[in-house]
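Visitor: Quick one: this structure, given as structure tokens, is what I'll be asking you about.
The values are calculated or read from the model by the stated rules, or taken from the named source; none is laboratory data. Given the structure is predicted, the values throughout are model-derived calculations rather than measurements. FYI the Cβ positions are ideal-geometry reconstructions off the backbone, even for glycines, and counts take in every protein chain you see. For the accessible areas, the whole protein counts, side chains as well, though only heavy atoms, and no ligand, DNA or RNA atoms are used. Shrake-Rupley method; radii C 1.70, N 1.55, O 1.52, S 1.80 Å.
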Amino acid sequence: MKLLGLGYVGLNAPDASAWESFGVEAVGLMPARSQPPGHEDDGTVFLKMDERLYRIAVHPSKEMGLGYMGFELAGPTELEAAIEEVHNSGVAIDRGSEPDAQARGVAELAFFRDPMGNRVELFYGQSADYNFQSPANVRAFKTGNLGMGHCLLFVPDIRQATSFYMGVLGFRLSDFTAGGKIQFLHCTPRHHTLALAELGGANGIHHVMLEMEDLDDVGRALDRTRSQGVPITADLGRHTNDQAVSFYAGSPSEMSVEVGWGARLIDDIDWSPVQFGGDPWGHHGLRESIRELAAKIEERTAG
Ligand code: FE
């Protein structure tokens, strides 16, 4: 199947409303719709980053971290084919009801669990209101045919996770760290839409990355994050593989949000994956943040 990128993510947080200050005032996202008609307002916080109705939904929950990832398809034919492919791989997949589709603001969707238990949704026809204006004056987030960004997931078995996302969902290999414990996968020209990392037995999410069109907007987001007392989980730095300049902010959902700029685009025609080492500069705290969160998640799931 041909995924058109990450369309939306659902996150969990005990205090979802904390995302209104974190997401809007620090990161620079725009508050989006409330619950659709007929749906009870359960305190979910919706955030926009472009013309789409919303890209991030934060649900009040006792859980932390990832609720679901929504990957985009081109239309009803592609959704039917994708349902068939997931089903034929031996994974149970359900069609979303009309209220499910309304809740997500899409035309149609289907959902299943990946081998790690993460809820994955496939959809087409996300609603757009062509209305984006960041209250913090972020000029624009880089989305379009690249999707909304990328996720880094902790997976207990890197081989199993990689072969599922590549074999069943059609992701292709971008790069990997020496030793192969972190694999970067793409489904659009964005260098990676999904990064999978094996760190002990941790199963969860480390970050969602959002890209800005303007480096100065990343700098201003860093200033706002600092002045609001939001923890900076990794300082400004550049990644070796996707070449993004970014920093990481600790969100109210335990995971981080990576705010970046300048990530490279890749083309399958001439792309050749490499194994690589550390970042050329900056990102101080990133390794520690990854290790600490993995340990915390592992401890929680064990306990
Ligand atoms: Fe990242």
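Visitor: Residues being surrounded by 15 or more Cβ atoms within 10 Å (Cβ to Cβ), at pLDDT 95 or above and hydrophobic (A, V, I, L, M, F, W, C): count how many of those fall in segment 272-290.
Guide: 2
Visitor: For segment 108-118, indicate whether the set of residues that are open to solvent by less than 40 Å² (accessible area, probe 1.4 Å), outside the structural domain of Glu211 (by TED's automatic domain parsing) and part of a helix (DSSP H, G or I) is non-empty.
Guide: Checking segment 108-118: not a single residue is open to solvent by less than 40 Å² (accessible area, probe 1.4 Å), outside the structural domain of Glu211 (by TED's automatic domain parsing) and part of a helix (DSSP H, G or I).
Visitor: Still on this structure: Would you check if Leu196 is within 17 Å of the chain's Cα centre (by Cα) and within 14 Å of the ligand (Cβ to nearest atom)?
Guide: Criteria met by Leu196.
Visitor: Give the residue that is surrounded by the most Cβ atoms within 10 Å (Cβ to Cβ), with candidates limited to residues of segment 151-160 that are away from the ligand (no atom under 16 Å from the Cβ) and in contact (Cβ under 8 Å) with a residue 40 or more places away in the chain. I'd like the intermediate steps shown before the answer.
Guide: Initially, segment 151-160 is screened for residues away from the ligand (no atom under 16 Å from the Cβ), giving 156-160.
After this cut, where a residue has to be in contact (Cβ under 8 Å) with a residue 40 or more places away in the chain as well, the list is 156-158, 160.
Values: Pro156: 16, Asp157: 15, Ile158: 19, Gln160: 15.
My answer is Ile158.
Visitor: Is it the case that some residue within segment 236-249 is open to solvent by 30 Å² or more (accessible area, probe 1.4 Å) and touching a residue at least 60 places away in the same chain (Cβ under 8 Å)? Outline the logic, then answer.
Guide: In the first step, residues of segment 236-249 are kept if they are open to solvent by 30 Å² or more (accessible area, probe 1.4 Å); the result is 236, 238, 240, 243.
Those still in the list that are touching a residue at least 60 places away in the same chain (Cβ under 8 Å) too: none.
Taking every residue of segment 236-249 in turn, none turns out to be open to solvent by 30 Å² or more (accessible area, probe 1.4 Å) and touching a residue at least 60 places away in the same chain (Cβ under 8 Å).
Visitor: Tally up the residues in segment 127-150 that are within 24 Å of Leu79 (Cα to Cα) and either within 16 Å of the ligand (Cβ to nearest atom) or open to solvent by less than 20 Å² (accessible area, probe 1.4 Å) (or both), please. Let's see the steps before the verdict.
Guide: Pass one, segment 127-150, residues within 24 Å of Leu79 (Cα to Cα): 127-129, 143-150.
Subsequent filtering for residues that are either within 16 Å of the ligand (Cβ to nearest atom) or open to solvent by less than 20 Å² (accessible area, probe 1.4 Å) (or both) retains 143, 146-150.
So the answer is 6.
Visitor: Within segment 180-230, track down each residue that is open to solvent by less than 20 Å² (accessible area, probe 1.4 Å), of a type outside the set (A, V, I, L, M, F, W, C) and touching a strand residue (DSSP E or B) at 6+ places or on another chain (Cβ under 6 Å).
Guide: His186, His191, His192, Thr193, Gly204, His206, His207, Glu211, Thr225, listed by residue number.
Visitor: Let me confirm something: among Ser256, Ser272, which residue is among the hydroxyl-bearing types (Ser, Thr, Tyr) and within 12 Å of the ligand (Cβ to nearest atom)?
Guide: Just one listed residue meets the conditions, Ser256.
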